[in-house]
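Chemist: Okay, handing you the structure first.
The values are calculated or read from the model by the stated rules, or taken from the named source; none is laboratory data. Keep in mind the model is a prediction, meaning the values are calculated, not measured. Methodologically, a virtual Cβ is constructed for each residue, glycine included, from the backbone with ideal geometry; neighbour enumeration extends over all protein chains shown.
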Ligand SMILES: [Zn+2]
């Protein structure tokens, strides 16, 4: 036992032995601490890689889903803009269809997912965001989450006081089960100033929702995904 040896050396006043034994203890503690630090650093790096990989995979799935959402939203805008042109009589070649009617009837719906990947939420809630060692990547993840929160707020603002046209103007819109069962009286709509005011109001809200909330959210996801690709040395075939 080292303590016993030191005690005996003290009794004998053998200072050289005392010094050597104390040195052994100090060096032992130092090596122990170093090993512990190395183990912690190694574990943290492993966790960091796991989080980055999970985040990359989750974002990849979201980006695939975004494509469908953007496509659907672009189609809704095209239909609403065509209806707008028809109502303003700046186009007499446009024919209104049940799809236009359905888009008008649903012009108050802003229901697509606006969300951060679950991994980001976990990193932020648990404070493990500090495991992301590169400052720039950590800042990008935090900024991404802040942007999503801002888009949620913007969507809430856009939705406030929105108008459900089919409820307000049931004489003009008859809703059915599915887009092909929804009917509109387009000619009467074009002459109804109150309806037109509310339609254009909904249209502008939907345009802002689509171009800012949906599209920018998608762009932010693609940007963060690119950073993660770089970090993980992943290349995707376009
Ligand atoms: Zn990737």
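Chemist: Under 30 Å from residue 199 (Cα atoms), modelled with pLDDT of 90 or more, within 16 Å of the ligand (Cβ to nearest atom) and surrounded by fewer than 13 Cβ atoms within 10 Å (Cβ to Cβ): which single residue out of 67, 71 fits that description? Walk me through how you get there before you give the answer.
Modeler: Numbers: 71 fails: within 16 Å of the ligand (Cβ to nearest atom).
From the options 67, 71, the qualifying one is 67.
Chemist: In segment 138-177, what residues are in contact (Cβ under 8 Å) with a residue 60 or more places away in the chain and closer than 20 Å to residue 111 by Cα?
Modeler: Listed by number, the residues that qualify are 147, 148, 151, 165, 166, 175.
Chemist: Between 74, 49, which is in contact with a helix residue (DSSP H, G or I) (Cβ under 9 Å, 6 or more places away or on another chain), part of a helix (DSSP H, G or I) and under 25 Å from residue 121 (Cβ atoms)?
Modeler: On the way: 74 fails: under 25 Å from residue 121 (Cβ atoms).
Answer to the check: 49.
Chemist: Pairs under 8 Å by beta carbon, first residue within 18 Å of residue 211 (Cα to Cα) in segment 72-96, partner modelled with pLDDT under 90, six or more apart or different chains?
Modeler: Going by the 8 Å Cβ cut-off, the qualifying pairs are 82/91; 82/94.
Chemist: Has segment 87-96 got at least one residue that is more than 12 Å from the ligand (Cβ to nearest atom) and at positive phi? Working first, answer last.
Modeler: Quick first cut of segment 87-96, residues more than 12 Å from the ligand (Cβ to nearest atom) only: 87-96.
When the remaining residues are screened for being at positive phi, the result is 89.
Within segment 87-96, one or more residues are more than 12 Å from the ligand (Cβ to nearest atom) and at positive phi.
Chemist: Just need a number here: residues in segment 7-24 that are within 60 Å of the chain's Cα centre (by Cα) and modelled with pLDDT under 85.
Modeler: The qualifying residues number 2.
Chemist: For segment 110-121, what are the residues that are assigned to a helix (DSSP H, G or I) and without any contact (Cβ under 8 Å) to a residue 60 or more places away in the chain?
Modeler: Of everything in segment 110-121, just one residue is assigned to a helix (DSSP H, G or I) and without any contact (Cβ under 8 Å) to a residue 60 or more places away in the chain, namely 121.
Chemist: Within segment 91-104, how many residues turn out to be in a loop (DSSP other than H, G, I, E, B) and within 22 Å of residue 169 (Cβ to Cβ)?
Modeler: 4
Chemist: Another one. Report yes if residue 57 is in contact with a helix residue (DSSP H, G or I) (Cβ under 6 Å, 6 or more places away or on another chain), within 16 Å of the ligand (Cβ to nearest atom), within 30 Å of residue 228 (Cβ to Cβ) and part of a helix (DSSP H, G or I), otherwise no.
Modeler: No; evaluated as a whole, the condition is false for this residue.
Chemist: Here are some conditions: (1) closer than 28 Å to residue 228 by Cα; (2) loosely packed, with under 13 Cβ neighbours inside 10 Å. Residue 140 meets all but one. Which one does it not meet?
Modeler: Only one criterion is unmet by residue 140, namely (2).
Chemist: May I ask you to list the residues in segment 79-112 that are under 18 Å from residue 193 (Cβ atoms) and under 29 Å from the mean Cα position of the chain (by Cα)?
Modeler: 104, 107
Chemist: I'd like to verify a number: residues in segment 217-229 that are exposed (fewer than 15 other Cβ atoms within 10 Å of the Cβ) and either closer than 12 Å to residue 66 by Cα or modelled with pLDDT under 95 (or both), how many?
Modeler: 2
Chemist: How many residues does segment 178-197 contain that are free of Cβ contacts under 8 Å to residues at least 60 places away in the same chain and touching a helix residue (DSSP H, G or I) at 6+ places or on another chain (Cβ under 6 Å)?
Modeler: Summing the residues that are free of Cβ contacts under 8 Å to residues at least 60 places away in the same chain and touching a helix residue (DSSP H, G or I) at 6+ places or on another chain (Cβ under 6 Å) in segment 178-197 gives 1.
Chemist: Among the numbered criteria (1) assigned to a helix (DSSP H, G or I); (2) surrounded by 15 or more Cβ atoms within 10 Å (Cβ to Cβ), which one does residue 107 miss?
Modeler: Among (1) assigned to a helix (DSSP H, G or I); (2) surrounded by 15 or more Cβ atoms within 10 Å (Cβ to Cβ), the lone unmet condition for residue 107 is (1).
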